[in-house]
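Take a look at the structure set out below.
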Amino acid sequence: KALELVKSGATLLLLDVPQYTLIGIDTQVFSVGPAFKGIKMIPPGVHFVFYSSSTRDGKEFSPITGFFIDAGYSQVVVRMWDQQEERLIKVPEEEEERYRQAVRRFEFDKHLGPYDLSLYADWKRLSNYITKSTIERLEPIGGEITVTYEHGMLKNTCKSAMERVLDEQLRNSKFSSPAEKHPKRGCYYTPIPRIIKRKGIESEQLTSLNLDKASTELLETLLVKDYGGSEESLLGELQFAFIAFLMGQSLEAFMQWKSLVSLLLGCTE
């Protein structure tokens, strides 16, 4: 059975990752040891891969970087550690194919940790509406989701005192990247309007509309305009944002998740 899972499942080959680095997939986290070269027996479908680089003694960690993958049957996804940038990067196609063949010949097998299938049901409950098109629509340029690119994006959306403190910490963090260096590295989330404006409506009616934010009407409008009438597409974005926030520690994702949850909970119908 294990051999069958190795053959049919996807493999995440992660080369040259330094010891003590934290590597996660879905709800599972590994601490890299000297023999680690990736994860095998990954069920086909959508997964979230995330990592955090460590100091040499394994006591301090950088902010998490994560990316979504849509893994096919027997697919081999290859990433290599860039020592200078301390992140996982893609390898050239020709090189990647050689590694794929080596994985299929089981040359890396003893260096690959098995995906814990007992935790897969939990992951499916968190991600069952996320599809390949959800990922393609929402993921940032380059696919990497990380809070270090986000401090410039949140100035206008941070409302609570705690969120303002977080934004300030981000701005002053030694890990944060200047916004001008990465002009747009955030996700392409659907904008959720905060207030309804409508011509030809009495002010009293407009006030009552906005008291409960006319969430039902707003939700129906969003579904048609931004999600092509697909409720699954909206739920996919809700799950995408929650996972990017929960596993990827993205503050931008938290804001989007909060906006969508507030909209849904404000609906009277």
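The values are calculated or read from the model by the stated rules, or taken from the named source; none is laboratory data. If you're wondering where the values come from, they're calculated on a predicted model, not measured in any experiment. Quick reminder, even Gly has a Cβ in these numbers, built from the backbone with ideal geometry, and neighbours come from all protein chains shown. These accessible areas exclude ligands, DNA and RNA; they are computed on the full protein's heavy atoms, side chains included. Shrake-Rupley method; radii C 1.70, N 1.55, O 1.52, S 1.80 Å.
If you roll a 1.4 angstrom probe over the protein chains with everything in place, what fraction of the accessible area of the stretch 1-128 belongs to carbon and sulfur, to the nearest %?
Ligands and nucleic acids excluded, carbon and sulfur reach 51 percent.
Skip the ligands, DNA and RNA, and give the accessible area per residue of the stretch 1-128 with a 1.4 Å probe, whole Å².
Value returned for the stretch 1-128: 52 Å² of accessible area per residue.
Taking loop as defined by DSSP and a crowding limit of 13 other beta carbons within 10 Å, which trypsin sites (Lys or Arg not before Pro) in the stretch 97-130 fit?
Sparse-neighbourhood loop trypsin sites (Lys or Arg not before Pro): 105.
With labels modelled as points extended 7 Å from the Cα through the Cβ direction, what inter-label distance (nm, one decimal) is found for residue 4 paired with residue 232?
So the two model labels end up 2.7 nm from each other.
List the chymotrypsin sites (Phe, Trp or Tyr not before Pro) within the stretch 17-119 that fall in a DSSP loop (any state other than H, G, I, E or B) and whose Cβ has at most 15 other Cβ atoms within 10 Å.
Within the stretch 17-119, the qualifying chymotrypsin sites (Phe, Trp or Tyr not before Pro) (loop, at most 15 other Cβ atoms within 10 Å) are 73, 106.
Using 0.36 nm times the number of residues separating residue 35 and residue 132, minus their current alpha carbon distance, what extension gain do you get?
My answer for the length gained is 31.7 nm.
Starting from 0.36 nm per residue, how many nanometres of slack lie between residue 27 and residue 98 once their C-alpha separation is accounted for?
22.6 nm is the gain from fully extending residue 27 to residue 98.
So how far apart, in nm, are the two label points at residue 84 and residue 265 if each is 7 Å from Cα heading toward Cβ?
4.7
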